[in-house]
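Here the structure comes first, spelled out in structure tokens, and everything after it is commentary.
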Amino acid sequence: IPAKHPDVMVFRNYTPKDLLPFDGNGKDGRILMGVNGSVYDVTRGRNFYGPGGPYENFGGHDASRGLAKNSFDEDMITDPMGPIDKLEDLATEEWESLREWEQHFATKYLLVGKFIENE
């Protein structure tokens, strides 16, 4: 039986805390990721971003810093209980890298929301 595609999501705002349940371990298996102020549904890329995947640290989190630095380590993930990483220390090449990743996500995955600060 082919896996049922998850229901379409309504575009909305997500805070870092809102993203946490969407790491691929929830009952619908959905995976959301923050990328430079946008939130993408990367569920289709579950082999990469889901549990056991090489980039699973990014599922349910803001991946901006890690993408900019091309690092998939856990220390690239900002504490979801704190403020959003403003990325003020990124070098020009790192911003370029982040923008390239953003293009990749925009063409490959569904944009489902805006990434906003916790209340």
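General remarks:
- Ranking Tyr40, Phe58, Leu90 by how far each Cα lies toward the positive end of the dipole of the chain (charges on Cβ) leaves Tyr40 at the top.
- In straight-distance terms, cross-link reach from Lys108 covers every one of the aspartates and glutamates whose alpha-carbon lies under 19 Å from its own, apart from those fewer than eight places away in the same chain; here that gives Asp7, Asp23, Asp41, Glu56, Asp62, Glu96, Glu100.
- Using a probe radius of 1.4 angstrom, the carbon and sulfur fraction of the accessible surface of the chain is 52%.
- Rolling a 1.4 Å probe across the protein heavy atoms gives the chain an accessible surface of 58 Å² per residue.
- Length added when fully stretched, Asp28-Phe11, from 0.36 nm per residue minus Cα-Cα: 4.4 nm
- Using alpha carbons only, the radius of gyration of the stretch 14-115 set against its Kirkwood radius gives Rg/Rh = 0.93.
- Under DSSP loop assignment and at most 14 Cβ neighbours within 10 Å, longest trypsin sites (Lys or Arg not before Pro)-free interval of the chain: 28-85
- Within the chain: Cβ-based charge dipole about Cα centre, in debye rounded to nearest 20 (Lys, Arg +1; Asp, Glu -1): 700
- Extension gain for Glu96-Arg44 works out to 16.2 nm (0.36 nm per residue, less the C-alpha to C-alpha distance).
- For the stretch 1-91, the set of GluC sites (Glu not before Pro) satisfying both a DSSP loop assignment and a count of at most 10 other C-beta atoms within 10 Å is given as Glu88.
The values are calculated or read from the model by the stated rules, or taken from the named source; none is laboratory data. Just so it is clear, the structure is predicted and the values come from calculations on it, not from any experiment. As a convention, Cβ positions derive from the backbone with ideal geometry for all residues, glycine included, and neighbour counts pool all protein chains shown. Surface accessibility is based on the protein's heavy atoms, side chains included, excluding ligands, DNA and RNA. Shrake-Rupley method; radii C 1.70, N 1.55, O 1.52, S 1.80 Å.
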